[in-house]
Amino acid sequence: MSLVDYRREGQNIDEKIVRLIGERIRLSEKIFEAKRAEGADIEDPLQEKLVMTRALDLATELNLDTGAVKEIFTVLIKMSVNKQNELLGDDNLP
């Protein structure tokens, strides 16, 4: 394969990553509805810790940079919480 081919493959992977992020945010909307129905708080530190632990364990297993994976999942969790706050109507709160 040529450099162009590898870059094209990278572009395809990047597109899949962005689409998966979109799926995750759409799922957070469903999670918000379930939380609302059950009277649960939007922020759930225990669940956030479980998500992070699973991600870091997998990153370790795959020999990836756990620091970078932690940063990525911190952003993903924040995006989910922000989306749920937006749905609640709290998107302008600090």
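Values in this text are rule-based calculations from the coordinates and carry no lab data. Small disclaimer: the values here were computed from a predicted structure and weren't measured. Note that we place each Cβ from the backbone using ideal geometry, even for glycine, and neighbour counts take in every protein chain shown.
Listing for the model above:
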item: Whole-Hz couplings from phi, Karplus 6.51/-1.76/1.60, listed for segment 44-55; x for Gly and Pro; result: 9, x, 5, 5, 4, 5, 5, 4, 5, 4, 4, 5
item: Residues of type lysines that Lys16 reaches as a straight line, Cα spacing below 24 Å, ignoring anything fewer than 8 places off in the same chain; result: Lys30, Lys70, Lys78, Lys83
item: Within straight-line cross-link reach of Lys49, aspartates and glutamates at Cα separation under 17 Å, skipping those fewer than 8 residues along the same chain; result: Asp41, Asp57, Glu71
item: Listed residues Ala59, Pro45, Gln84: farthest to the positive end of the dipole of the chain (Cβ charges); result: Ala59
item: Largest-first principal axis extents, alpha carbons of segment 3-94, Å; result: 51, 25, 24
item: Packing-based ranking, highest mean first, of 33-42, 72-81 given that Cβ atoms within 10 Å are counted; result: 72-81, 33-42
item: Relative contact order (%) - segment 3-88, alpha-carbon pairs under 8 angstrom, separation at least six; result: 38
